[in-house]
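One structure is given here, and the rest of the page talks about it.
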Amino acid sequence: MSALDWLGFVHPGWLWALPLALLPWGVPGAAVLRPLRFAHLALWPADAASRALALALRAASSLGLAAMLLALAQPYRPAYEVQREGRGAEIVLLLDRSRSMDQSPMGSTGPMAGYTPTYGVTARHSAEERLTKAQLARRELSAFAARRPQDRFAMMVFSSRPLKVLGFTEKPAAIQAAIEAGAIGRGIGNTDIGAAVLGGLSLFEQRAYTGSRVLMLVSDGGDHLEVETRDAIAQALARHRVRLVWIYLRAPQSPGLEVEPGSDAEAANTVPEVFLHRFFRSLKTPYKAYEAGSPEALQQAIADVERLENLPITTTDTVPRRDLTGACLGLALACALALGWAARKELPAWA
């Protein structure tokens, strides 16, 4: 990479004036030190120190002029990308924003009168118990992301369709803001998990494979997927080499992911959660499901994911543009101070 790729100027026209920095070297009478008259120069011994000082002061004058002209041109170092080696993963957070996520994990005990994010709980429940599934999920995902500074996170929320909230980044402030943004608005009744999973996998398109990849689906329900959707999901997971993790936020009255012993296995396919779990488990790509029916279970599930996804990874980061005008002005000031000090110390005449 050439030097010009590492340096740019806002006003490059000022660079044409840089030859003016040679004035202290070539203009008669531009000597920095004033000569002193002496009766007989032959009697004067050679003074290498004075000659060196004169050269140094000329160089300071020239450097100060060049620094001032460069400051007027406003130099900067352009943004560039660097690769970093670490341990972690590329993780897509896929968060359910359906209406049922605005319910407490203990579920509703009666019909809901209007919209309230904590239906199913009463005054006798603690503040922890009053948290909705969406609030619990955001809290734990926020802590999870904060503990993994080397990971690159992306995020989508979904109900009837997926909505991209954040592209891949490792900037902590952006990640936390995206997770918090999942609380905006009210959830709607319909969910399309198939479209959501495909939307999350699409974020890996056109990205070089650099290490472990995870699609973390956080939802409190399942879905019956069409054959075309299932085929598309299977192909995308294999193509992008993504591990699928489903954290199922299960309420007490909700069905489990596994069929109870003695139950009709075929009839169980009518249950969306069981159907979706069986489909995910039939995939050739890695898959792990967690049933989280309490805040403690949710914490344990996320902690398990954290232990699994800690493999070597190569990440590409963008170093932002840096303005160098201040450095040029500082150099010019240092040269001016040196010349001022020399002027004050100069001997005006022989005593």
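Data for the structure
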item	result
Residues of type lysines that residue 284 reaches as a straight line, Cα spacing below 30 Å, ignoring anything fewer than 8 places off in the same chain	164
Quotient of C-alpha Rg and 2.2 N^0.38 Å, computed over the stretch 140-249	1.07
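Computed from the coordinates by the stated procedures, all read-outs in this text should not be read as laboratory data. Since the structure is predicted, the reported quantities are computational estimates derived from the model, not experimental observations.
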